[in-house]
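Asks: Dropping the structure in here first, questions after.
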Amino acid sequence: MSFAVRDPATGEVLDEVADAGPDEATAALDAAVDAQEAWAATPPRERAAVLLRTRDMLLTRIEEFALLITREMGKPLAESWAEVQYAADFLQWFAEEAVRISGEYRVSPGGDFRIVTTRQPVGPCLLISPWNFPLAMITRKLGPALAAGCTAVVKPAEDTPLSCLLLTQVLGEAGLPPGVVNVVTTSRPAPLVERLLADPRLRKLSFTGSTQVGRLLLAQAAGNVLRTSMELGGNAPFLVFADADLDAAVEGALLAKLRNGGQSCVAANRFLVEEPVAEEFATRFADRMSDVRLAPGTDPGSRLGPLINARQVERVAGLVDDAVTRGARVLTGGRAAGPYFPATALTDVPPSARIHHEEIFGPVAPITTFKDESDALAMANDTPYGLVAYLYTRDLGRAVRVGERLETGMVGLNRGLVSNAAAPFGGVKSSGLGREGGFEGIEEYLSTKYLALDLTS
Ligand code: NAD
């Protein structure tokens with residue numbers, strides 16, 4: 001059985017891929033389990049070398065990877081190039097981390113024995129990724145898993161499996177032994193994932209996707225007490241204080257809103273602006289949004305591609321209509337055109353509008369005002385999500401005060417982009433558990449083994 005992968009701009013079938021069921025998933029896990037011992041025993045420098053060769057091959061073939069990402073996911077080519085670079089950065093970063101996995105040698109407080117710790121790979125992992133970054137969300141997991149000495153079953157999103165399949169081919173060419181990484185593509189993820197999570201040989205689940213599915217998988221993972229990492233949804237506030245550099249705030253807002261067409265967990269979801277500068281910010285921002293060119297991602301002039309599918313277009317349009325019905329004003333954009341949704345700015349958005357409470361996942365910016373710092377913080381934290389917040393101010397004291405009190409895992413201070421392979425990416429509250437990237441990223445794939453050493457016999 002197979003299923004079709006389509007270009008979201010044209011609906012054209014790009015390829016057919018295998019439609020795996022639970023039995024194929026178990027066979028993939030068999031292979032990962034068989035390969036686990038030898039991969040864990042492979043010297044760290046050799047594991048790192050495979051990752052570095054793969055990184056080099058991604059960059060040598062950047063044009064091919066970028067075009068594939070654009071064709072299956074829709075984003076403009078320039079953004080796909082940036083994604084390939086970002087994906088390659090994770091391979092490099094974790095190759096560098098592979099040789100620094102360390103333990104401790106300590107004297108027990110009573111002096112009677114030694115406490116020796118070492119770090120071991122957790123074992124075979126299931127890595128599940130979303131469609132919005134078809135390559136980078138995979139290397140952000142595979143990089144640390146392979147560096148730590150874990151084998152994996154990878155399940156890419158059904159909308160965008162092709163970049164992942166090409167990556168796996170390149171990993172093989174870079175010398176990764178068979179069985180270490182096993183990809184299963186499926187149009188029916190639920191039964192396949194459920195089978196794997198119930199298998200006691202699986203030791204870890206790393207999931208990136210919606211909070212709704214994340215919750216479901218956490219419950220299933222409880223059966224075998226699996227290690228879990230969860231990178232879930234967000235509802236990022238973008239705070240602009242009256243003392244901010246407004247030029248920088250507008251640039252940051254465009255980046256935080258339009259990167260990936262707004263289809264990103266770290267996309268700014270609510271624009272909260274201090275009253276004295278609200279009108280000026282809204283006017284300047286809407287003016288820039290109205291210039292954003294909609295075109296297929298393969299068109300070199302495209303700044304905004306199609307949304308991933310018709311369901312998403314309908315959802316985004318529904319959120320805009322709801323806000324307008326409740327009194328919001330459309331400054332620019334506002335109406336879908338086929339698979340496209342234009343860059344849209346809304347003002348006077350009442351707190352009750354659904355758009356304030358749901359993840360938009362589209363190029364729509366609702367703007368609201370606040371009175372003072374405490375008002376801003378209360379509004380920013382009024383959400384079950386806690387992934388990232390953006391904060392524009394020139395007052396250092398306020399930056400630290402507000403930065404510390406925002407209930408998020410990450411804060412962009414006078415910056416509209418926080419993602420970097422060297423930084424710990426992740427959320428609090430319903431946005432997830434664990435961190436990807438940074439020094440923390442590899443920890444998710446290691447467990448500490450403690451040896452109590454008695455020196456007396
Ligand atoms: P999704 O939750 O629908 O799907 C994510 C993955 O889970 C896909 O591979 C899908 O096939 C699989 N899946 C779906 N239903 C399943 C089920 N019942 N059982 C097992 N697997 C299932 O999310 P999506 O629409 O692909 O991605 C968008 C979401 O991902 C957004 O909420 C976004 O915020 C989130 N996201 C988070 C991060 C982060 O790092 N925090 C990064 C990117 C995307």
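Asks: With only alpha-carbon pairs counted, each pair once and no self-pairs, how large is the Kirkwood hydrodynamic radius of the chain in angstroms?
Replies: The answer is 23.0 Å.
Asks: Checking a compactness column here: for segment 316-383, what do you get for Rg(Cα) / (2.2 N^0.38 Å), N being the number of residues?
Replies: That works out to 1.14 for segment 316-383.
Asks: From the helices alone, meaning DSSP H stretches of at least four residues, give me the mean residue ellipticity at 222 nm for the chain, per-run term -39500 (n - 2.57), in deg cm²/dmol to the nearest 500.
Replies: Value at 222 nm, helices only, nearest 500: -12500 deg cm²/dmol.
Asks: Restricting to Cα pairs below 8 Å that are 6+ residues apart, what does the relative contact order work out to for segment 236-420? Please round to a whole percent.
Replies: For segment 236-420, the relative contact order is 29 percent.
Asks: Given H placed 1.01 Å from N in the peptide plane, which residues other than close sequence neighbours of Val273 have an amide H under 5 Å from its amide H?
Replies: Val240, Thr368, Thr369, Phe370
Asks: Here is a further query. Which percentage, to the nearest 5, of the DSSP beta bridges contained in the chain is antiparallel?
Replies: 40
Asks: Once the Cα atoms of helix 136-148 and of the chain are each reduced to a long axis, what angle between those two axes, in degrees from 0 to 90 to the nearest 10, is obtained?
Replies: Tilt of helix 136-148: around 20 degrees.
Asks: What's the angle, to the nearest 10 degrees (0 to 90), between helix 211-221's Cα axis and the longest principal axis of the chain?
Replies: Approximately 20 degrees, to the nearest ten.
Asks: What ranking do Glu404, Glu231, Glu440, Glu24 get, fewest neighbouring Cβ atoms within 10 angstrom at the top?
Replies: Glu404, Glu440, Glu24, Glu231
Asks: Read phi for every residue in segment 224-241 and hand back ³J(HN,Hα) as whole Hz from Karplus 6.51 cos²θ - 1.76 cosθ + 1.60, θ = phi - 60°, with x for Gly and Pro.
Replies: 9, 6, 6, 5, 9, 10, 10, 10, 10, x, x, 8, 5, x, 10, 9, 10, 8
Asks: Indicate the gyration tensor shape class of segment 158-200 (rounded, prolate or oblate), computed on the Cα atoms with a ≥ b ≥ c the square roots of the eigenvalues: a/c under 1.5 is rounded; otherwise a/b larger than b/c is prolate and the rest oblate.
Replies: It is oblate, given that a/c is not under 1.5 and a/b is not larger than b/c.
Asks: Whose amide H sits under 5 Å from the amide H of Arg6, counting only residues 5 or more places off or on another chain, with H placed in the peptide plane?
Replies: Under 5 Å from the amide H of Arg6 lie the amide H atoms of Leu14, each far enough along the sequence or on another chain.
Asks: How much of the DSSP beta bridge set in segment 70-210 is antiparallel, as a percent to the nearest 5?
Replies: Antiparallel bridges make up about 25 percent of those DSSP assigns within segment 70-210.
Asks: On a C-alpha basis, how far is the centre of segment 77-142 from the centre of segment 373-394 in Å? Whole number, if you could?
Replies: Using only Cα atoms, the two centres lie 30 Å from each other.
Asks: Relative to the longest principal axis of the chain, what angle (0 to 90°, nearest 10) does the C-alpha long axis of helix 396-405 take?
Replies: The angle comes out near 60 degrees.
Asks: With point charges of +1 on the Cβ of Lys and Arg and -1 on the Cβ of Asp and Glu, referenced to the Cα centre of the chain, which listed residue (Gly111, Pro191, Pro296) lies farthest in the positive direction of the dipole?
Replies: Gly111
Asks: Which listed residue (Ala282, Asn309, Gly333) has the Cα farthest towards the positive end of the charge dipole for segment 236-420, taking +1 on Lys and Arg C-beta and -1 on Asp and Glu C-beta about the Cα centre?
Replies: My answer, from the dipole projection, is Asn309.
Asks: Share of antiparallel DSSP beta bridges in segment 236-420, in percent to the nearest 5?
Replies: Given both bridge residues lie in segment 236-420, the antiparallel proportion sits at roughly 15 percent.
Asks: Where does each of 172-181, 240-249, 148-157 land if you order them by average Cβ count within 10 Å, highest first?
Replies: 148-157, 240-249, 172-181
Asks: For segment 236-420, what is the charge dipole size about the Cα centre, in debye to the nearest 20, if Lys and Arg each add +1 at the Cβ and Asp and Glu each add -1 at the Cβ?
Replies: With only Lys, Arg, Asp and Glu charged at Cβ, the dipole is about 560 debye.
Asks: Continuing with this model, one more query. How do Thr26, Thr54, Thr369 line up, fewest other C-beta atoms within 10 Å first?
Replies: Values: Thr26 16, Thr54 27, Thr369 22.
Ranking Thr26, Thr54, Thr369 by Cβ neighbours within 10 Å, fewest first, gives Thr26, Thr369, Thr54.
Asks: Tell me, what is the percent relative contact order of the chain, built from C-alpha pairs under 8 Å that lie six or more residues apart?
Replies: Relative contact order here is 19 percent.
Asks: How big is the dipole moment of the chain about its Cα centre under a simple scheme where the beta carbon of each Lys and Arg is +1, that of each Asp and Glu is -1, and everything else is neutral? Debye, nearest 20, please. Mind showing how you got there, number by number?
Replies: Values: 44 positive and 57 negative charges, 113 e Å.
That gives a dipole near 540 debye.
Asks: For segment 236-420, what class follows from the C-alpha gyration tensor (a ≥ b ≥ c being the square roots of its eigenvalues): rounded when a/c is under 1.5, otherwise prolate if a/b is larger than b/c, else oblate?
Replies: In terms of gyration-tensor shape, prolate.
Asks: Show me, for segment 67-84, the HN-Hα J-couplings you get by feeding each phi into the Karplus relation (A = 6.51, B = -1.76, C = 1.60, θ = phi - 60°), rounded to Hz, glycine and proline as x.
Replies: Taking θ as phi minus 60°, the curve returns 5, 5, 4, 4, 5, 8, 10, x, 5, x, 3, 4, 6, 5, 4, 5, 5, 4 Hz for segment 67-84.
Asks: Right, something else. Pick out, from Val153, Leu254, Phe133, the residue whose Cα sits farthest towards the positive end of the charge dipole of the chain, with +1 on the Cβ of Lys and Arg and -1 on the Cβ of Asp and Glu.
Replies: Val153
Each value in this text was obtained by applying a stated rule to the coordinates, not by laboratory testing. No experiment lies behind these values; they were computed from the predicted model shown. Glycine also receives a Cβ, built like all others from the backbone with ideal geometry; neighbour counts cover every protein chain displayed.
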